Amino acid sequence: MMDIERDKAREIWLKDKQHFLHPWTHFESFKKAGSLVIESGAGCYVHDINGNRYLDGIGGLWCVNVGYGREEIIEAIAHQARDLAFYNPFTDTTNIPASLLAERLANLAPENIDHVFFSLGGSTAIDTAFRLIQFYQNCRGKPEKRHMISRREAYHGSTYIAMSLGGKKGDRVPEFEYKTDAIHHISCPNLYRRPNHMSEVQFCDSLVQEFENKIAEIGPQNVAAFFAEPIMGAGGVIVPPEGYLARLWEICRTNDILFVADEVVTAFGRLGEIFASQSVFGIKPDIITCAKGLTSGYQPLGATLLSKEIYDTISSDNPDRVFAHGFTYSGHPVACAAALENIDILEREKICQYVRDDAGPYFIEKLSELKDLPIVGDVRGMHFMACIENVADKETKALFPDSVDVGKMISDHAEKLGLIVRPIGHLNILSPPLVMTREQIDFAVDALRESILRTVEDLSKSGDYSSKAYV
Ligand code: PLP
């Protein structure tokens, strides 16, 4: 790298450090190290501004499903921007890609779904779901149905409401306020952390019972909706026990409670299906939220899909009613054009089948080999959603102290070896582009193995870990 290029790279790094307040900044470490500046991407790889190449184990952030540098999407974006960069979608104007995409999503979703509201990403899709539920319950004359149930360790985004629905302890920092009135949290269905004496079936029964108890406590007549990611993502890739989601969905139906499936991560191929709710878990939610893989990250876009029953209720019987909700960029034509092309690619290249029948099972099988490592307590996931849970003691499942930041130690080593993985506390999360080959999967797992071993070595040297118990 020439000096002049190096100077330019440093200048950009510095500008970022001095002026960009990043999402989820940890100020102390950011002030020391600044950012990794990513400059370009191709396929499953990204390059930083210093010319280093990385295999992107996190697909941007659970989203670049069809990989980087897709000429078809780039062309669709350019073509649409030339034709019509923007026109507002309020009340009774629309644009061609938005209307085509609404129909396309309604057709791809379970058959009870037939309308789509567009937003800017996952958080605004969740916010929209929340407001839509309030609106619906009021329209049908049930204003007392205003309580929402969510789960601990859930992540639903970062607007005020999305964050209040979320249940990750670490996200609830004392400097922010959260809506607590009428939002309730039940347990996370984490099999690895279930009580020792419980079988998977008993654990599932206990979670179902807890849900029923919570509804009884609030009063079913007061409960509006239940929000759930089919597989929790940022909460640690929590694959629920067999039958859990279907049982909770049935309870919602029995008690006139709407079921919101937050498929921001799970949709568009990550679990081998366009939508996972019905195809993977056998449930037909009343509302599905999605974003991320909808455009593979090529444009910001979210969508809240709603049932015919909800649409018919809110749109009938009161001629003066206005759905007073929406964003300037709802149904943005360029974003919708990107989504249409992205879905074309998923279908044309049979990417869901590839994930479901080939690469997805291989990915989880290979990652599971890491379970032999001394600090790997659990490897879990489904297809292209995976998590490694690192522990100080495999027997007791005790964690390292937070100050050790073991996930970050591992991801730092991985970065040096040319792999990006995401640290969340003691976890490392993987959500690669869905076009990752078996060779690339092998590389990722080898790099992870080496990164974890190097971390064990570092921890042993610093006295934070004694491997004696495992020799
Ligand atoms: N819902 C889930 C399940 C998510 O994982 C995320 C983001 O990671 C969101 C909602 C929020 O999406 P966004 O960051 O696009 O607002």
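Taken together, the values in this text are just the output of simple stated rules run on the coordinates, not laboratory data. Remember, predicted model here, so these are calculated numbers, not experimental data. No Cβ is skipped: glycine too gets one built from the backbone with ideal geometry, and neighbour counts run over all protein chains shown.
Here are some notes:
- Extension gain for the segment E347 to D312, taken as residue separation times 0.36 nm less the Cα-Cα distance, is 9.5 nm to one decimal.
- Hydrodynamic radius of region 71-348 per Kirkwood, over alpha carbon pairs, in Å: 19.3
- Space enclosed by the convex hull of the alpha-carbon atoms of region 248-287, per residue, Å³: 56
- As a rough guide to protection, the peptides 247-259, 267-279, 99-111 ranked by mean Cβ packing within 10 Å, highest first, stand as 267-279, 247-259, 99-111.
- Cα centroid separation, region 1-66 to region 338-375: 25 Å.
- Span-rule helices in the chain, defined as complete DSSP H runs reaching 20 Å or more along the axis (Cα) with Kyte mean at least -1.0: 122-139, 200-218, 333-348, 438-462
- Extension reserve of the K394-M2 stretch, reckoned as 0.36 nm per residue once the Cα distance is removed: 136.3 nm
- Here the chain is assigned +1 on the Cβ of each Lys and Arg and -1 on the Cβ of each Asp and Glu. Its dipole about the Cα centre then comes out at about 740 debye.
- Inter-part distance where region 177-229 and region 82-153 are each reduced to a Cα centre, Å: 26
- Percent of C-alpha pairs per 10 Å bin, the chain, short to long: 4, 19, 29, 27, 15, 5, 1, 0
- Residues with amide H under 5 Å from that of Y178, placed H, sequence gap 5 or more: none
- Gain on full extension, evaluated as 0.36 nm per residue between R253 and S29 minus their Cα-Cα distance, stands at 75.9 nm.
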